[in-house]
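The block underneath contains the structure these notes are about, expressed in structure tokens.
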Amino acid sequence: MAEESKDLRKEIRVFPFPKGEGKENNSSEKYLRRIIISGTLSIILILVIYFTLPLTILSISSLIEYSVMVALLMFMLVLLIRYFSLLILSYLNNNEYTFINPPEINPFVSIIVPIYNEDKVLKDSVESLLNLDYDNFEIIMINDGSTDNTREVAESLVGIQRGKYSDVKVTLINKQNAGKAIALNTGIAVSQADFVLCMDSDSKLSPNTLKVAMRHFNDPKVGAVAGNVKVLNRKKFLTDLQALEYIEGLNMARAAQSYIRLVNIIPGPIGVFRKKALQSAGFYSDDTFAEDADLTLKIMAAGWKVYYEPLAISYTQAPSTLQQLIKQRYRWTRGILQSIRKHKKLIFSSKSPSIGYTFIILFMIYEALIWPVMNIATNMFFIFAAIYFGISSLLFYWWAGLAILDLVAALYCIAVEKEEFRLIWYAIIYRMVFILIIDISKAMSTIEEFLGIKMTWGKLERQANLTA
Amino acid sequence: MELIPILSMIILVATISTFILAIGSYVLYKVRERKAQVSAAPRPAVYQAEVISPVALSGEIQTAQFQPYTDVRPVQMQETYSPSAEHQFAQEPAPSVYNPQPRQFTSTGGQRQRGKTTDENKYLKYTSEGYVPPSSDKKSGTAKWK
């Protein structure tokens, strides 16, 4: 595959661009103090209710009954509003996408591939890039201090490679390990292009990715385009559930946000950026564990629009075991919370770029903090009620209602994305099993984040030779 | 027994199992994480990196102007290579059975005596009298069909 070419080896000095804004010191003490204060206030409130209740016409059992009813109704109402608003907005976006066809452009693009211990999948990933329907791009791989055979594999790929429409220059940067954010910044620094595509080294891009994504940069206000992430390693129970989650849970929300041009997370496996937007946002930061969410918020805060392109597809490997899945979601949750914390000052500030930006951060807070707690509390209530008051048929009707809602949403999303119809049946257990596991993991991660417990970047095991 | 209470029971068991599974997996993850945790090395202010890049492309991709390598030490190049006499002799092998002396080449002036290369009977023609050489076929060229 590699053609004969002479290597130029150059020593460069890479500066970790942005300095971290997070104040790690004393944060755990601060949040512990907050938890103690809020806990004490809650106990005082419970005691006040307990002692003043006999003075009213309510009994304790009727109070619990009424409060639970109100809580369940609120849960259902919020759930329905969330679902239908996302469905309607994503429908409007798909409608607009179908009828508005911006002209194609082909400026020079640098594809940045950060690598850390990916010797099994790197070659396949680069081959998918050489198969792109685009004739004006280069590939820059950044080996972030891999400890396995990655360096040898990457060096064998360096050269002028035969692309689908043109020759493609493949460059490698070997550097000591410093994290994904700095690896990406290094690649962006070396790139001479006005547009960069950042991806993961375990992902494969669909051939028309660049062609369809670049069209949106006709609008000079568009700073970035988020791609569509799909699960590559399917045909397993857990990975099929994630495939459905990516289609129904993530892509539907992204399509809905795209209608207002404010996609809140440009996914790590595929994001195309205007270099100017990256510069105005201050590039990737390494002070959160979700550098993609952080960068997206910074780009939006700088006033750029962010679009979602459903045909720019990146096939990525999803965790195939429950342990790996929890590890991944733990990192995502804490990373998103760290990003929200960094940008919370802009929510109700006059410096906020738009009402849409404020709405998007509030939506992120709801998704990361409020929704998981509501879901867990509802499920716990049903367990409690079933054990203490006997199994009620209400349990079945509740589950059936949610399952029908998920089936409808899954049917719509799968039809829109022309996905596998067999995934629809996973919607039956999607909310009761899969989302509950994810939400418990999110809740635990949230507690740890507020307590300031140290965390490490999890590395997932990869499988070789997977085809999209 | 009715169907709905049975289904409700299944849902209840599934929900409780999911809770146990999720919390168990989380605890297990934390235990493993703690075991695998190593003390992080202090992060340097500047990272060293090495760029390995092919030479500039010829023709098609020139949009990105790749900066040529500037840190390469210049190599002194001679226009023609002339090895020293000592080196020259050392490189020539001694004549032996396996390495005979080259014989003088004598030119034949480009004239080669060519033998008969084609057999007359190579291309035969099939007639009503059987296979005959094309020269002996008297009816050659006359109309076969009337």
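Side notes on the structure shown:
- Helices (runs of 4 or more DSSP H) wholly inside region A:226-306 containing at least 3 residues that are of a type in the set (D, E, K, R): A:291-301
- If you go through region A:79-110 and pick out every residue that is closer than 30 Å to A:Met374 by Cβ, touching a helix residue (DSSP H, G or I) at 6+ places or on another chain (Cβ under 7 Å) and not small (Gly, Ala, Ser), you end up with 7.
So that you can scan it fast, the table gives a plain yes or no per residue for (1) within 7 Å of chain A (Cβ to nearest Cβ); (2) modelled with pLDDT of 80 or more; (3) part of a strand (DSSP E or B); (4) out of contact with any strand residue (DSSP E or B) (no Cβ under 7 Å at 6 or more places or on another chain):
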| residue | (1), (2), (3), (4) |
| --- | --- |
| B:Met9 | yes, yes, no, yes |
| B:Val27 | no, yes, no, yes |
| B:Arg34 | no, yes, no, yes |
| B:Gln48 | yes, no, yes, no |
| B:Ile61 | yes, no, no, no |
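- Residue in region A:198-219 that is farther than 29 Å from A:Lys164 by Cα and either free of Cβ contacts under 8 Å to residues at least 24 places away in the same chain or surrounded by fewer than 24 Cβ atoms within 10 Å (Cβ to Cβ) (or both) present: no
- So A:Ala290, is it over 19 Å from A:Pro220 (Cβ atoms), among the small types (Gly, Ala, Ser) and surrounded by fewer than 24 Cβ atoms within 10 Å (Cβ to Cβ): yes
- Residue match in region A:325-333 (condition: farther than 26 Å from A:Leu205 by Cα and among the basic types (Lys, Arg)): no
- A single member of A:Ile336, A:Ile326, A:Ile340 is within 14 Å of chain B (Cβ to nearest Cβ), part of a helix (DSSP H, G or I) and surrounded by 20 or more Cβ atoms within 10 Å (Cβ to Cβ), and it is A:Ile326.
- Condition met for A:Lys235 (over 22 Å from A:Leu337 (Cα atoms), basic (Lys, Arg) and in contact (Cβ under 8 Å) with a residue 60 or more places away in the chain): no
- Verdict on A:Leu262 being at pLDDT below 90, touching a helix residue (DSSP H, G or I) at 6+ places or on another chain (Cβ under 7 Å) and under 23 Å from A:Gly303 (Cβ atoms): yes
- Residue within region A:353-370 that is among the β-branched types (Val, Ile, Thr), at pLDDT below 90 and surrounded by 20 or more Cβ atoms within 10 Å (Cβ to Cβ) present: yes
- Pairs with Cβ under 6 Å, 6+ apart, first in region A:298-315 and without any contact (Cβ under 8 Å) to a residue 12 or more places away in the chain, second small (Gly, Ala, Ser): none
- Exactly one residue out of A:Thr288, A:Thr321 is modelled with pLDDT under 90 and of a type in the set (Val, Ile, Thr): that is A:Thr288.
- Residue among A:Lys305, A:Lys275 that is within 26 Å of A:Asn106 (Cβ to Cβ), within 14 Å of chain B (Cβ to nearest Cβ) and touching a strand residue (DSSP E or B) at 6+ places or on another chain (Cβ under 7 Å): A:Lys275
- Taking region A:117-160 as the range and being away from chain B (no Cβ under 14 Å), assigned to a loop (DSSP other than H, G, I, E, B) and not aliphatic (A, V, I, L, M) as the test, the residues that pass are A:Asn117, A:Glu118, A:Asp119, A:Lys120, A:Asn131, A:Asp133, A:Asp148, A:Asn149.
- Residue that is surrounded by the most Cβ atoms within 10 Å (Cβ to Cβ), among those in region A:109-126 that are out of contact with any strand residue (DSSP E or B) (no Cβ under 8 Å at 6 or more places or on another chain) and of a type in the set (Asp, Glu): A:Glu118
- The set of residues in region A:257-271 that are surrounded by fewer than 24 Cβ atoms within 10 Å (Cβ to Cβ) and under 21 Å from A:Ala410 (Cα atoms) contains only A:Tyr259.
- Unique match (being within 30 Å of B:Val51 (Cα to Cα) and away from every other protein chain (no Cβ under 14 Å)) among A:Lys169, A:Lys204, A:Lys236, A:Lys164: A:Lys204
- Close pairs (6 angstrom Cβ cut-off, 6 or more residues apart or separate chains): farther than 21 Å from A:Asn177 by Cβ in region A:115-135, at pLDDT below 90 and assigned to a loop (DSSP other than H, G, I, E, B) anywhere: A:Leu130/A:Gly163; A:Asn131/A:Lys164; A:Asp135/A:Tyr165; A:Asp135/A:Ser166
- Residue in region A:174-186 that is of a type in the set (D, E, K, R), more than 27 Å from A:Met455 (Cα to Cα) and either surrounded by 23 or more Cβ atoms within 10 Å (Cβ to Cβ) or within 13 Å of chain B (Cβ to nearest Cβ) (or both) present: no
The values are calculated or read from the model by the stated rules, or taken from the named source; none is laboratory data. None of these values were measured; they are calculated from a predicted model. Methodologically, a virtual Cβ is constructed for each residue, glycine included, from the backbone with ideal geometry; neighbour enumeration extends over all protein chains shown.
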